[in-house]
Amino acid sequence: MHPRLKLPLLALCSSTLLLCACGPNEAVAMAAAPPAVAASAETVVSYRGNLLEDAAALQAAQDALENLPPFRGKAVNVFDNIDFFDGVRPRIEADIQDPNRLEKIDHYVYDQGRWRYTDTLRIPPEGLDISKKLTPLSQVRFADAAAVAAVWSQKARSVNAVVTEPYFVSYVLLDKERKRFWHTATIEAVGEQYYLSFHADGSVWEFKKLGREGQ
């Protein structure tokens, strides 16, 4: 047998055995899973330390997303927001329009150095213009999350925040304004809270102290 045929054949045999080991309902669900599930095996160069502070790792994750089999060579559009996490479970979460079925939005998660398909969102409400909530992936720079996280950390230290290690940023779409901006976790200091957001280019949009309830 030609060496190149061994791996696909082994994968096919493994899948067949796995389906046989499952119950009827599980087997049907697995068989119906989109091809994107297979893409989860494509591992990206791993990172060390805080994912949000590693611009190279973030860029590698974006490159890997664009090169998943369902998206390779096609225009990829992000639906709504992109969320970046560190902390207990470092990951990136994004909803992506299926390039072959434009009305279909799939949820992808990047963690432990790889992307995996996790779920298909419900069909959007009737009358919703999906196109207004889409952003070409080519217009997004995952690496910019690192610059945003760095400023968040600086601001947190400047107010003696309880937590100064960045753990969440989100690239958010404002529907009405058709504007993208970076939203971040609230900065928590003793007796005080601060809100920090950024324009799409990474420059600070707003940094303000939040009022407490009853004040």
Open item on the list: Test of understanding: among 141, 116, which residue is closer than 21 Å to residue 200 by Cα, open to solvent by 40 Å² or more (accessible area, probe 1.4 Å) and in contact with a helix residue (DSSP H, G or I) (Cβ under 8 Å, 6 or more places away or on another chain)?
Closed with: 141
Open item on the list: Pairs please, first residue from the stretch 57-72 and closer than 13 Å to residue 141 by Cβ and without any contact (Cβ under 8 Å) to a residue 60 or more places away in the chain, second anywhere and of a type in the set (Ser, Thr, Tyr) and part of a loop (DSSP other than H, G, I, E, B), Cβ atoms under 9 Å, 6+ apart in sequence or on different chains.
Closed with: 60/47
Task: Selected residue (criterion: most open to solvent (accessible area, probe 1.4 Å)) from residues of the stretch 164-182 that are of a type outside the set (S, T, N, Q) and without any contact (Cβ under 8 Å) to a residue 12 or more places away in the chain - done: 176
Open item on the list: Please verify whether residue 159 is within 20 Å of residue 91 (Cβ to Cβ) and open to solvent by less than 60 Å² (accessible area, probe 1.4 Å), treating the condition exactly as stated.
Closed with: no
- [ ] Among the residues of the stretch 69-87, write down those that are in contact with a strand residue (DSSP E or B) (Cβ under 6 Å, 6 or more places away or on another chain), surrounded by fewer than 21 Cβ atoms within 10 Å (Cβ to Cβ) and more than 15 Å from residue 170 (Cα to Cα).
- [x] none
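Within the stretch 104-198, considering only strands (runs of 3 or more DSSP E) that don't extend past its boundaries, which have at least 1 residues that are more than 18 Å from residue 87 (Cβ to Cβ) and within 17 Å of the chain's Cα centre (by Cα)? Full working, then the answer.
Numbers: elements: 114-120, 134-136, 168-174, 179-184, 187-189.
Of the strands (runs of 3 or more DSSP E) lying wholly inside the stretch 104-198, those with at least 1 residues that are more than 18 Å from residue 87 (Cβ to Cβ) and within 17 Å of the chain's Cα centre (by Cα) span 114-120, 134-136, 168-174, 179-184.
The values are calculated or read from the model by the stated rules, or taken from the named source; none is laboratory data. Note that the coordinates shown come from a computational prediction; the quantities given were computed from them, not determined experimentally. Here the Cβ is made from the backbone with ideal geometry for all residues, glycine too, and neighbour counts use every protein chain on show. Just so you know, the surface numbers come from the protein's heavy atoms only, side chains and all, with ligands and any DNA or RNA stripped out. Shrake-Rupley method; radii C 1.70, N 1.55, O 1.52, S 1.80 Å.
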